[in-house]
Structure formats: C-alpha cells, structure tokens
Amino acid sequence: MFRQVETEQLSSLAARGSLQRYPRGTLLFQEGDRADFLMVLLEGGVELFARDQAGSEAVVETLFPVDSFILAAALTGAPYLMSARTLLPSRVLLLDAEIFRHAVAADPALSAPVMAELAQHFRRLVRQIKDLKLRTGVQRLGCYVLGLAGEGDEVVLPVDKRILASRLGMTAENLSRAFSTLRDQGLSIQGNRLLIQDRAKLVAFSKPDPLIDAAEGPLSLTE
C-alpha cells in the first residue's frame, strides 16, 4: 500500500504509530472494540476469530507476513467485527487510524493502493465463502493441502489442527475423519507433516478450482 507514498507522508504516518512485539496468544483486540489502529503484520502469525453468545469460537482467517488487518474498520472507524490473537511471537506495525484516514483522503498515491488492498480482501472473502458453500469438508481439506504444497509433495501444517478445523468450518472430530478419508485418496499423514503420495488421485477427489484456490498477486487500480 505504501510503495508509492512520499517519504514525508510516510514519516507523518509513522510518527503517530508504533512497532510492537507480542508473545504467542496475545489478544490484540476484541470484536466490538473501536478501530484505533490499522495493523500490519510484519513477523509471526495472527488469527482472526469470532465468538457466539455461548463463547464458542470460530476462526475466520489466519494471516502471515506481510498483511494488513482490519483495513475496512480502520478506514471507517467502525467497530471490529472480529477479534485478533497472535498465533506465534509476532511483530506488528500499528498506524493511528484517524491519521491514516486523513492521509488516504488527501493523497492519491495512497488512496489507490488502499482501494486495491480492500478489493484484494473482498476477493479473498468471496473465495472463502465459495469454498465453504460449494465443497464438502473433506474436499476443503484436500484443496487446502494442495494449495499449501504448490508444486511440491510435502507439507507441514502452519497452524495446529484445532485452528485448521475452525478455519475450514469443521469440528476437530470432523477434521480427524477428513484426514482419515484422505489417506485413501493419496495423502500420507504423520502428525503435522503431510506427504502427497498420489497427486492425481487427491486432485480428482478434492476438485481444486482456480477461481477459489489460486493465490492472486497484488491488485492494481492504476493500470
């Protein structure tokens, strides 16, 4: 977002911001809080999650560097719709939301990239909704593994299975059964280490879709 912004503008934003380090398991903010900062994850990992009235949690998204969150709330000053917690020891850049809003309104070199970032977040959300609506839990898991593996055959899960289950819209028990099913579809499982032994079989079963699974590069609204 900040690639084309003048040094003076960046200095002004940074002067009202801070660079913070957080241990694993730190609650960064809770849903319903007002957005005082735009947060940029530079190191570590963060989970965005929501709770129901009974206190049960569902992971909405997991983030790894470099990514911003929660951009829409920071731009509008509206309450956060999700809570955020560090998955790993993390380094996060906090930019004052009010200063950031004024900068976006005043500087086209920032407003266009911010619009592109919002569009990217929206498209990521649409892909996630399609994944949840159009696939079974086992297919979601299979496509997740294929996405992590890329062209390779070996995967180490970046999050624990509790978080993975919630992110994929499954219970821990359903995730365990899904892994068992994928053993018959070309996947070897050794704890958090996964080995694709028959890619063609796993692909045929999981049915990856480039409109859901393909990672997109940064969008540009100036081209």
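Among the residues of region 175-203, those identified as at pLDDT below 95 and open to solvent by less than 60 Å² (accessible area, probe 1.4 Å) are ILE189, GLY191.
Name the one entry in ALA73, ALA103, ALA97, ALA58 that is of a type in the set (A, V, I, L, M), surrounded by fewer than 17 Cβ atoms within 10 Å (Cβ to Cβ) and at negative phi. Going through ALA73, ALA103, ALA97, ALA58 in turn, just one is of a type in the set (A, V, I, L, M), surrounded by fewer than 17 Cβ atoms within 10 Å (Cβ to Cβ) and at negative phi: ALA58.
How many of the residues in region 34-55 are closer than 22 Å to LEU118 by Cβ and exposed (fewer than 13 other Cβ atoms within 10 Å of the Cβ)? Total meeting the criteria: 1. Note on region 94-181: enclosed helices (runs of 4 or more DSSP H) holding 2 or more residues that are closer than 20 Å to ALA50 by Cα are 108-134, 161-167.
Checking each residue in region 112-147 for being open to solvent by 30 Å² or more (accessible area, probe 1.4 Å) and over 30 Å from LEU157 (Cβ atoms) picks out PRO113, MET115. Scanning region 1-46 for residues that are assigned to a strand (DSSP E or B) and more than 20 Å from the chain's Cα centre (by Cα) gives SER18, LEU19, ARG34.
The values are calculated or read from the model by the stated rules, or taken from the named source; none is laboratory data. Bear in mind the structure is a predicted one, so any value in this text is a computation, not a measurement. As a convention, Cβ positions derive from the backbone with ideal geometry for all residues, glycine included, and neighbour counts pool all protein chains shown. All accessible areas refer to the heavy atoms of the entire protein, side chains included, with ligands and DNA or RNA removed. Shrake-Rupley method; radii C 1.70, N 1.55, O 1.52, S 1.80 Å.
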